[in-house]
Structures are given as C-alpha cells and as structure tokens.
Amino acid sequence: MSFTWKFTAREIAEKPELLAPGHRMCSGCGAAIVHRLVLKAVRGPTIVTHPTGCVEVTTAIYPYTSWRVPWVHTAFETAAANAAGIEAAFKALRRRGRLKYDHVDVMAFAGDGGTYDIGIQALSGALERGHDFLYVLYDNEAYMNTGIQRSGGTPLGAWTTTTPAGTKIPGKPEPRKPIEDIVVAHGVPYVATASPAHWMDLVVKARKGLEAKGPAFLHVIAPCPRGWRYESSKTIELSRLAVETCVFPLWECVDGEHKLSAPSKAIALKPDLKKPVVEYLKAQGRFSHLFTPEFERVIDEIQRVVDKRWYLLLKKCSV
Amino acid sequence: MSSYEKGWKEVSIAGVCWLPSTKYLTGDWSPYKPVRDKAKCNKCLLCHMYCPDGAVIWNSKAEDIEFNYNFCKGCGICANECPQGAIEIILK
Ligand code: SF4
Ligand code: SF4
C-alpha cells in the first residue's frame, strides 16, 4: 500500500467541518473530537452511517441534523451490514452506468456497544465478505448515552452502573475484549488503533483506511467525561495518557503485518518512558474505588493485563 | 424551537431531520468561555484540532484563530492543551 497524502495543520483547519456545530454531545466529549478529525480525512464523495449510540442520538435530534455528508441511521446491530449494503448498491449503480461519481467512500462509525457486543456479527460478516468500507469504532468504553452500563469494551476494574463498585465486586471483573485482534483475524487489509491526542496520526490512519481496497477498521479511544468521571478539560490529556501507559498502544496492521506507530514505538525503544497505569487510573473517578486497601490488588492486576498485552503486541511487531 | 416545528402533514418523509444544527446554539450551556492572549499564541492550531464543537475557527483571511461563542460549551480542552498557555477559561 503506497501512501502519498501529505498535509499541514493549516490545510486541515481550512477543511470544512463535516460534523456541524450545534450537535448535543456533552461538553468535552471525546467522540465529538474523533468524528471531527476522522471526517477531515475524506477524499471525495462520502456517505456515513451510524447505528444507535451517543453520536447518533446527539447529531440527529429532530428536526436538527449535524451532518454535512449524506448520513443514514440504522439499528444498533447493523452498522456494518448497512455500510455493506450501501457499498453494494453503489457497485450495482456503477455497473449500470448510473453512478455519476468515480468512487464513493463508505464509512460506518459505531460505539463500543454497537461494535464489541451488539454489532459484532454484522461486522464479522461484512469483513468476511470483503466490502470496501471504513469502520470506525469510537470507544468510550461503556453504554454511555443510556446511563453508563458496562460493555465488552469496558476495562477491568471500571465502575459502571451495571458493575457497581461495592464491598465484594471491584467494578468490572473482566478485562475488555481485544476487538482489534478479532478484526485482524479476519484477514482484512487495514486495521489500526488511534488516539485523538495524536491527531495527525489519527487523520492519516483514517485516510489510509479509506484508501485500502477492502474492509478497514479503525479503533479510536474516545474518553467520556460523564462516564469516566473526570473534568471535561482532561479529555485529550487522558487519551494521551492511555497511550503513554500502554493501556491503549498505537499500531497499524497492513495486510496482516503489525507495526507500532510513532508514539508507541518511542516507548518500545525506550521502556523507561512507559508510565505506570496508576497515573491513568487515578485521573478517573470510575477507578477511584481501587485506591482503597480492599481493592488495591486490582491495580496490580490491571497493570499485569496491560503489560501482558503490550508484550504480545511487541512480539507481533517484532520489536 | 417550536417555531421551526412542522405539523404532521408537512413533516419530511420518514421524519428525516431537515434543519441544520447550526440553528441550535449550544453556546449557552456553560457559564465559562475561553479567551486567548494573542501575544502568546503561535497559531499552532492544536486548539482547533481538539475542540469537540468546532468552536475554534481558523480564519484564513485574517490568518488567525477565532472562537465561535455561539457553540463553545466551555469544556476547557483548548486551554488545557494550548502549549503556549495562551488560553484562559473565564466566567462569562
Ligand atoms: S493552541 Fe494555543 S498557541 Fe496553538 S493556536 Fe491555539 S491558542 Fe494559539
Ligand atoms: S472551551 Fe471547549 S468548546 Fe469552547 S472553544 Fe475551547 S475546546 Fe472548544
């Protein structure tokens, strides 16, 4: 895959906002930043689809719409099926000579609920059938718009309303599902992780995903001030800390080959730079119960899980 | 809001949203707003990249950034991330 697109910050700033202001995502919402940045990478006519989720409910409150690209809302489980259908429809139109564009990019955005849990079979099917689309998982690590219920993406030890921290249970007892490994196992041409803190890396990866011939998957961390219990000004700080602690390492996998992205590569080359997970955990109220004598051990467990996944990733990247 | 509402006979097919959200001002959500010290700013544009609400605008004619207070929700991200410490969040 040869990639030639270059841009400056100014060029990105001069691009139109395809997600219009006036949307009703919370103050400081990480998902809003992720969407704005990914949409700066579009290369021509583009159609976007969302299943139910935070971004859908806040950008299409009747009669208002924040979408400046053609946009389709679909049911919670069907983001990838819908994207597949849109792509197939364009193919059919082209075959009949009824498409006035050379190419139309198709993007599906879904949250963690719509991806790890409810949408996974539609996603798996669309990946297997090889549809040419970009799937962006904006991961705020719980069902946020319905009131912070745990999902398959919620990390170990996090408080949610369905994994409350009590006297017996220290928040969520299980680590999150490694969704990006599941996608990689489908043998698709492009899979990557990204963080809005590293905005340029995110924009580049979104464009690479669009350019890939076949399914592409982008997993982006999207901190949520309400659900993670932190002050709205810290969204970017946390999405940076997630990378610095290796809770959310940045990498891409092109045609099955893993490669670390610059911020994580720096840590791999100089392990002293790797920050302890405590720094990430103590910045968020959803982990505050872990800083008590009875649950302290969970912090060690989280560190162990993070270290293990980091170690396995380094092996995959042959570092 | 109600002045924009259509009756059931005029409603768009399948209730498709038809009014741009730029008609819905979110600038009154917060008692806070950012102000910038122009002398400190080096126009790196990080505040533009990180604003969840597209409320930091690059004005290419004036070659400068501007806040759109109609939509700014006062989250404080721009102030927190500005490498020059040029942005301050103040009470409106
Ligand atoms: S982040 Fe700070 S220095 Fe950079 S453009 Fe914004 S105000 Fe100016
Ligand atoms: S305070 Fe938040 S919403 Fe307002 S301009 Fe800064 S980043 Fe944007």
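The values are calculated or read from the model by the stated rules, or taken from the named source; none is laboratory data. A quick note: this is a predicted structure, and the numbers were derived from the prediction, not measured. FYI the Cβ positions are ideal-geometry reconstructions off the backbone, even for glycines, and counts take in every protein chain you see. Heavy atoms of the whole protein, side chains included, go into the accessibility calculation; ligands, DNA and RNA do not. Shrake-Rupley method; radii C 1.70, N 1.55, O 1.52, S 1.80 Å.
General observations
- Above-threshold pairs, the threshold being 30 Å between Cα atoms, out of A:Lys15/A:Lys91; A:Lys177/A:Lys259; B:Lys6/B:Lys61: B:Lys6/B:Lys61
- Heavy-atom accessible area for A:Lys91, with the other protein chains in place and a 1.4 Å probe, reaches approximately 100 Å².
- Rolling a 1.4 Å probe across all protein chains gives A:Lys270 an accessible area of roughly 120 Å².
- Solvent-accessible heavy-atom area per residue, rounded to whole Å², over chain A at 1.4 Å: 40 Å²
- At 1.002 mPa s and 20 °C, Stokes diffusion of segment A:163-319 via Kirkwood alpha-carbon radius, µm² per second: 129 µm²/s
- Within the protein assembly as shown, helix-based [θ] at 222 nm, where runs of 4 or more DSSP H residues each add -39,500 (n - 2.57), nearest 500: -8500 deg cm²/dmol
- Accessible area ranking (1.4 Å probe, heavy atoms, ligands and nucleic acids excluded), largest first, for B:Thr22, A:Thr163: B:Thr22, A:Thr163.
- Cα principal axis extents for segment B:26-91, largest first, Å: 28, 23, 17
- Average Cα contact separation per residue, chain A, under 8 Å, 6 or more apart, as relative contact order %: 16 percent
- Residue ranking by accessible heavy-atom surface, 1.4 Å probe, largest first, among A:Leu273, A:Leu93, B:Leu91, A:Leu134 comes out as B:Leu91, A:Leu273, A:Leu93, A:Leu134.
- Projecting the Cα positions of A:Gly153, A:Pro276, A:Ile33 onto the charge dipole of the protein assembly as shown (unit charges on Cβ atoms of Lys, Arg, Asp and Glu, taken about the Cα centre) puts A:Ile33 furthest along the positive direction.
- Cβ charges +1 (Lys, Arg) and -1 (Asp, Glu), total dipole of the protein assembly as shown, debye: 560 debye
- By the rule of a C-alpha distance below 18 Å, with chain neighbours fewer than 8 residues away ignored, the aspartates and glutamates paired with A:Lys213 are A:Glu87, A:Asp102, A:Asp105, A:Glu128, A:Asp132, A:Glu252, A:Asp255, A:Glu257.
- Computed from the Cβ-Cβ distance with R0 of 35 Å, the FRET efficiency linking A:Glu279 to A:His103 stands at 0.20.
- Chain A: most fluctuating residue of A:Pro63, A:Pro271, A:Pro21 per GNM, C-alpha cutoff 10 Å: A:Pro63
- Expressed to the nearest 5 percent, the antiparallel share of DSSP beta bridges inside chain A is 35 percent.
- Three-way shape call for segment A:181-233 based on the alpha-carbon gyration tensor, with the a/c threshold at 1.5: oblate
- With the simple model of a label 7 Å out from the Cα in the direction of the Cβ, A:Ala262 to B:Lys9 spans 6.1 nm.
- Computed from the Cβ-Cβ distance with R0 of 30 Å, the FRET efficiency linking B:Asp28 to B:Asn59 stands at 0.80.
- Dipole axis of the protein assembly as shown (+1 Lys, Arg; -1 Asp, Glu on Cβ), positive-most option in B:Tyr69, A:Gly166, A:Val42: A:Val42
- Using C-alpha pairs under 8 Å with a sequence gap of at least 6, the mean separation divided by the residue count of segment A:56-198 gives a relative contact order of 18 percent.
- Listed by chain and number, the lysines whose alpha-carbon sits under 19 Å from that of B:Lys73, ignoring those within fewer than 8 places in the same chain, are A:Lys234, B:Lys23, B:Lys33, B:Lys92.
- For chain A, the share of accessible area belonging to carbon and sulfur comes to 56 percent (1.4 Å probe, ligands and nucleic acids excluded).
- A simple charge model with +1 on the Cβ of Lys and Arg, -1 on the Cβ of Asp and Glu and nothing else charged puts the dipole of chain B at about 100 debye relative to its Cα centre.
- Note on A:Thr4: accessible area is roughly 110 Å² with a 1.4 Å probe, heavy atoms of protein only.
- Percent RCO, i.e. relative contact order, over segment B:26-91, from Cα pairs under 8 Å lying at least 6 residues apart: 48 percent
- With a 1.4 Å probe rolled over the protein heavy atoms of all chains, the accessible area of A:Lys234, B:Lys40 falls in the order B:Lys40, A:Lys234, largest first.
- GNM remark for chain B: springs join alpha carbons under 10 Å apart, and the peak mean-square fluctuation among B:Cys44, B:Cys75, B:Cys17 falls on B:Cys17.
- In the elastic network of chain A, a GNM with C-alpha springs shorter than 10 Å, the most mobile of A:Gly97, A:Gly30, A:Gly227 is A:Gly97.
- Taking only the alpha carbons of chain A, we obtain Rg and Dmax values of 19.2, 69 Å in that order.
- Whole-percent carbon and sulfur share, accessible surface of segment B:26-91, 1.4 Å: 49 percent
- Loop-located GluC sites (Glu not before Pro) in chain B, at most 11 other Cβ atoms within 10 Å (DSSP): B:Glu5, B:Glu10, B:Glu63
- Taking the C-alpha atoms of segment A:32-169, convex hull volume expressed per residue in Å³: 118 Å³
- Count Lys and Arg as plus one, Asp and Glu as minus one, and take only other residues whose Cβ is under 12 Å from that of A:Thr193; the net charge is then -2.
- Leading residue at positive end of dipole, segment A:9-316 (Cβ point charges), from A:Cys224, A:Ser264, A:Gly22: A:Gly22
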